[in-house]
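Peer 1: Take this structure, written in structure tokens, and hold onto it; I'll ask about it next.
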Amino acid sequence: MKVLFAGSSLYGSSVDVSGLDVRAPARQGDILAAVNEGARAVGLIDGEFGQHAAVWHKEILFALDRGVAVFGASSMGALRAAECATFGMVPVGVIANAYLDGRLDDDAAVALLMAPAEMGSFPISEPLVDAEATLDRMLALRALSVRQHAALLQRARALHFSKRTEEAMFEGEPDALLSAYRTEHVSQKRSDAELLVAILRLFDPSLPRERPAFQLAQSPYWTGIFAGRAR
């Protein structure tokens with residue numbers, strides 16, 4: 001079984017997810033549960049935070065310790081992949097590797113406000129990584145001047161992730177600029193998410209995997225809270 005946790009990063013995508021057990025954005029305990037259910041590969045794209053406890057690094061290490069392949073991209077998956085790459089989690093795509101090599105260091109760069117999973121997890125606000133990629137594209141296409149590009153980047157970065165909508169970014173600007181932004185929009189999060197899906201679909205979980213070069217520590221919190229769920 002190959003489990004994929006995804007939500008807003010794949011909203012509007014037509015990528016083929018056949019052969020994958022697609023689940024809502026992960027929260028704490030979901031990867032542990034997937035491993036206990038027999039998952040042999042896990043793709044982590046989107047995850048919850050704030051409204052629920054976020055995916056715990058320990059459950060990722062638990063999965064790796066059990067020989068489960070774990071891939072991460074785009075959003076929460078990119079963050080956890082960069083943090084757990086040393087232990088064997090696989091970073092996929094531009095964003096995860098930017099966190100891995102230090103070009104990105106702020107968790108908020110991938111954060112956004114999204115609708116509940118019951119409503120399709122559609123994005124309500126604009127993640128900074130997508131805003132920056134789109135503004136850079138507009139500059140390259142000369143749809144923005146250098147001055148406009150710098151000013152809009154500054155505004156996008158200053159907005160809290162929950163308030164960073166297209167309308168807020170372009171407030172007071174000519175309507176033509178907002179229209180151009182929508183026309184030239186780049187979703188790096190979606191591109192990275194689609195790449196992870198392709199890799200996960202091609203991955204053969206029956207192939208033998210090397211044991212990780214770490215020993216899973218049986219901390220009091222892990223044994224006291226999660227031990228009964230970690231079979």
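For (1) of a type in the set (A, V, I, L, M); (2) farther than 18 Å from Ser121 by Cβ; (3) within 15 Å of the chain's Cα centre (by Cα), each residue gets a yes or a no:
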{"position": "Ala41", "(1), (2), (3)": "yes, yes, no"}
{"position": "Ala54", "(1), (2), (3)": "yes, no, yes"}
{"position": "His57", "(1), (2), (3)": "no, yes, yes"}
{"position": "Ala63", "(1), (2), (3)": "yes, yes, no"}
{"position": "Gly67", "(1), (2), (3)": "no, yes, no"}
{"position": "Met76", "(1), (2), (3)": "yes, no, yes"}
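Peer 1: Consider only pairs whose beta carbons are under 8 Å apart and that are at least six residues apart or on different chains; among these, list those whose first residue lies in region 81-104 and is farther than 18 Å from Val55 by Cβ and whose second residue is modelled with pLDDT of 95 or more and charged (D, E, K, R).
Peer 2: Val94/Asp192
Peer 1: Here's something else I'd like to know. Say we look at region 89-144 and pick out the residues that are acidic (Asp, Glu) and under 30 Å from Pro212 (Cβ atoms); which of these is surrounded by the most Cβ atoms within 10 Å (Cβ to Cβ)?
Peer 2: The qualifying residue surrounded by the most Cβ atoms within 10 Å (Cβ to Cβ) is Asp107.
Peer 1: State which residue is modelled with the lowest pLDDT when the search covers only region 1-58 and only residues that are of a type in the set (S, T, N, Q) and buried (at least 24 other Cβ atoms within 10 Å of the Cβ).
Peer 2: Checking each candidate, the answer is Ser8.
Peer 1: Restricted to region 59-74, and to residues that are more than 16 Å from Val22 (Cα to Cα) and of a type in the set (Val, Ile, Thr), which residue is surrounded by the most Cβ atoms within 10 Å (Cβ to Cβ)?
Peer 2: Restricting to residues being more than 16 Å from Val22 (Cα to Cα) and of a type in the set (Val, Ile, Thr), the top hit is Ile60.
Peer 1: Quick one: is Gly88 in contact with a Pro (Cβ under 8 Å, 6 or more places away or on another chain) and closer than 17 Å to Glu194 by Cβ?
Peer 2: The answer is no for Gly88.
Peer 1: Name the single residue, out of those in region 144-172 being among the acidic types (Asp, Glu) and part of a helix (DSSP H, G or I), that is farthest from the chain's Cα centre (by Cα).
Peer 2: Glu167
Peer 1: Give me the residue from region 113-143 that is not in a loop (DSSP other than H, G, I, E, B) and not aliphatic (A, V, I, L, M) and, out of that set, nearest to Leu195 (Cα to Cα).
Peer 2: Asp130
The values are calculated or read from the model by the stated rules, or taken from the named source; none is laboratory data. Just so it is clear, the structure is predicted and the values come from calculations on it, not from any experiment. Backbone-built Cβ (ideal geometry, glycine too); neighbour counts: all protein chains shown.
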